[in-house]
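Data block below; observations after.
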2 protein chains.
Amino acid sequence: MRFILLNPKLNINDKIFLKDPETSALGKKILQQSILLIDEIGFEAYTFKKLGERIESNESSVYRYFENKHKLLLYLSSWYWSWVEYRLVFGVANLTTPQDRLKIAITIVTEDAAEADISEHIDVRLLKRIIINNFMKTFLTKEVDEEIRSGFFQIYTRVIQRVTDIILENAPKYPYAESLASTIVEGALHQHFLKDHLQSITSCNSCTSPTDFYLSLIDNVLKQNV
Amino acid sequence: MRFILLNPKLNINDKIFLKDPETSALGKKILQQSILLIDEIGFEAYTFKKLGERIESNESSVYRYFENKHKLLLYLSSWYWSWVEYRLVFGVANLTTPQDRLKIAITIVTEDAAEADISEHIDVRLLKRIIINNFMKTFLTKEVDEEIRSGFFQIYTRVIQRVTDIILENAPKYPYAESLASTIVEGALHQHFLKDHLQSITSCNSCTSPTDFYLSLIDNVLKQNV
DNA sequence: TGCAAAATGATAGTAATACTATTAAGTTTG
DNA sequence: CAAACTTAATAGTATTACTATCATTTTGCA
């Protein structure tokens with residue numbers, strides 16, 4: 001809610017969409033119902049035709065907003081990382097010690113979506129689940145280099161860079177700050193996934209969260225790299 | 001080569017295939033040429049029809065070995081993790097100190113495929129690239145719980161558990177051994193991917209490898225958790 | 001208010017995908 | 001050498017991932 005109010009410009013790369021879905025009622029419905037539908041049936045089974053039926057509109061209308069469902073997923077991903085970035089920037093803004101800033105930063109990029117985080121048409125809790133289950137698929141394609149060049153992953157990389165910078169504030173000589181940041185951000189999604197599906201290879205459960213694990217990890221690294 | 005000789009039974013869950021591809025010339029051709037074709041055009045564009053043409057056989061013949069391309073990818077993944085497990089088991093077998101065992105284990109699960117690792121019909125170097133680009137897709141489906149129950153990810157989870165055990169040998173009281181192991185194994189694939197496509201968010205490049213990063217990481221963790 | 005432009009909805013059509021079924025030909029092996 | 005099995009070839013179906021066209025509705029601004 002606050003997020004939307006303070007971010008009228010979401011800053012999503014405009015090559016991702018044909019027509020900005022935030023500018024019309026139908027567009028918002030497409031976003032909202034896509035999230036519900038992808039969460040229900042999975043991204044593979046999700047089609048624009050099924051979405052069209054669900055929103056009592058038409059396949060062809062959806063195609064006027066997004067070229068294909070991959071672009072729509074890129075849009076949702078950008079929205080999600082934009083939301084993380086917002087919370088990251090404001091979360092650390094008033095903190096003075098590097099240690100506090102790092103602790104909050106790691107918490108924000110690894111924690112569960114809180115229940116209250118529901119903006120008008122985007123259910124962030126469901127969106128986070130979609131990101132956990134699908135974000136890697138936006139990367140793992142033959143077209144990834146082209147799409148990186150087009151700036152489709154800019155917001156995501158900016159989030160990683162912000163975390164990297166905060167790590168370096170704490171340990172200026174640590175030589176693997178970028179890899180540690182990307183490992184934590186991507187790894188947290190993976191740990192959430194394992195917690196839901198493959199408990200035997202994660203230490204995370206109802207008592208221990210990915211955030212606990214990564215806070216401990218970063219603490220161990222920093223103590224060795226002051 | 002040695003791997004194939006010492007592993008006549010690859011131990012791949014037999015619900016993954018309809019007919020074991022290792023038992024016929026056509027089956028081996030399917031594996032070999034699938035690896036080449038997926039590497040060339042990507043898993044999304046890869047179809048059994050294209051494969052059929054390429055091996056001068058027929059779509060319908062391929063379907064007698066695998067229900068669909070997802071199962072084939074599961075097969076290739078199992079083959080890969082089986083190969084990692086083999087190297088892991090033999091790599092640490094004669095090492096007496098926990099420290100050495102851990103160092104070698106982390107190296108094996110994070111390093112590049114060496115050029116020499118080419119068995120008869122499987123080019124392990126290409127296979128590794130396919131795993132980097134596609135392994136997460138085998139997980140990220142609506143059917144994952146069912147497939148885990150069917151044992152399709154058994155070899156992978158066994159690899160993670162072996163790494164977990166070796167971590168615990170070194171730090172018996174460390175509370176996040178499973179998560180650390182899964183973060184390293186999955187994260188190493190991701191770091192290899194970033195090194196190839198998104199250098200700005202990884203510290204890995206031609207001088208620094210994912211192995212360097214994770215060896216340093218595990219060293220930091222252990223020094224804090226003796 | 002009224003008309004032009006824009007947005008949406010409905011239908012149809014195409015090429016490719018992901019299969020299944022059938023049958024014929026070739027190969028193996030007991 | 002015949003039965004059993006494997007493979008090859010063809011055809012066919014339902015679904016997907018679009019594109020094109022046109023009619024209808026909504027809007028925005030003169």
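Residues in segment A:197-212 that are touching a residue at least 24 places away in the same chain (Cβ under 8 Å) and assigned to a helix (DSSP H, G or I): A:PRO210, A:THR211. Condition first: over 14 Å from A:ILE122 (Cβ atoms), more than 14 Å from chain B (Cβ to nearest Cβ) and within 13 Å of DNA strand D (Cβ to nearest atom). Now tell me which residues in segment A:20-46 satisfy that. Across segment A:20-46, the qualifying residues are A:THR23, A:SER24, A:ALA25, A:LEU26. Screening segment A:154-183 for residues that are part of a helix (DSSP H, G or I) and more than 19 Å from B:HIS197 (Cα to Cα) and picking the one that is farthest from the other protein chains (Cβ to nearest Cβ) gives A:GLU169. Go through segment B:131-153 and give me each residue that's surrounded by fewer than 20 Cβ atoms within 10 Å (Cβ to Cβ), more than 10 Å from every other protein chain (Cβ to nearest Cβ) and in a helix (DSSP H, G or I). If the condition is that a residue be surrounded by fewer than 20 Cβ atoms within 10 Å (Cβ to Cβ), more than 10 Å from every other protein chain (Cβ to nearest Cβ) and in a helix (DSSP H, G or I), then B:GLU146, B:ARG149 are the ones that fit. Look at B:GLU186 and say whether it is touching a residue at least 24 places away in the same chain (Cβ under 8 Å) and facing chain A (nearest Cβ under 8 Å). Spelling it out, B:GLU186 is indeed touching a residue at least 24 places away in the same chain (Cβ under 8 Å) and facing chain A (nearest Cβ under 8 Å). Within the option set B:LEU76, B:LEU126, B:LEU72, being away from DNA strand C (no atom under 16 Å from the Cβ) and touching a residue at least 24 places away in the same chain (Cβ under 8 Å) holds for one residue only, B:LEU126.
So which of A:GLU22, A:GLU53, A:GLU40 ends up being closer than 30 Å to A:PHE193 by Cβ, of a type in the set (Asp, Glu) and either within 10 Å of DNA strand C (Cβ to nearest atom) or part of a loop (DSSP other than H, G, I, E, B) (or both)?
Numbers: A:GLU22 fails: either within 10 Å of DNA strand C (Cβ to nearest atom) or part of a loop (DSSP other than H, G, I, E, B) (or both); A:GLU40 fails: either within 10 Å of DNA strand C (Cβ to nearest atom) or part of a loop (DSSP other than H, G, I, E, B) (or both).
After ruling out the rest, the residue left standing is A:GLU53.
Condition (residue is open to solvent by 60 Å² or more (accessible area, probe 1.4 Å), free of Cβ contacts under 8 Å to residues at least 60 places away in the same chain, more than 11 Å from chain B (Cβ to nearest Cβ) and within 12 Å of the chain's Cα centre (by Cα)) applied to segment A:94-102: is it met by at least one residue? Looking for residues that are open to solvent by 60 Å² or more (accessible area, probe 1.4 Å), free of Cβ contacts under 8 Å to residues at least 60 places away in the same chain, more than 11 Å from chain B (Cβ to nearest Cβ) and within 12 Å of the chain's Cα centre (by Cα), one finds none in segment A:94-102, hence no. Taking first residues from segment B:14-37 that are open to solvent by 80 Å² or more (accessible area, probe 1.4 Å) and partners that are away from DNA strand C (no atom under 15 Å from the Cβ), the Cβ contacts under 8 Å between residues at least 6 apart in sequence or on separate chains come to B:LYS15/B:SER150; B:LYS15/B:GLY151; B:LYS15/B:PHE152; B:LYS29/B:ILE55; B:LYS29/B:HIS121.
For segment B:107-126, the condition holds for no residue, the condition being that it is open to solvent by 20 Å² or more (accessible area, probe 1.4 Å), more than 20 Å from the chain's Cα centre (by Cα) and over 24 Å from B:LYS195 (Cβ atoms). No other residue among A:GLU85, A:GLU53 is touching a residue at least 24 places away in the same chain (Cβ under 8 Å) and of a type in the set (Asp, Glu) apart from A:GLU85. Within segment B:40-59, being more than 20 Å from A:GLU44 (Cα to Cα) and open to solvent by 60 Å² or more (accessible area, probe 1.4 Å) holds for B:GLU40, B:LYS49, B:LYS50, B:GLU53, B:ARG54, B:GLU56, B:ASN58, B:GLU59.
The values are calculated or read from the model by the stated rules, or taken from the named source; none is laboratory data. Computed from a prediction, not measured in an experiment: that's the story for all the values here. In this analysis, Cβ positions are derived from the backbone assuming ideal geometry, glycine residues included, and neighbour counts consider all displayed protein chains. Surface areas here come from the heavy atoms of the whole protein model, side chains and all, with no ligands, DNA or RNA. Shrake-Rupley method; radii C 1.70, N 1.55, O 1.52, S 1.80 Å.
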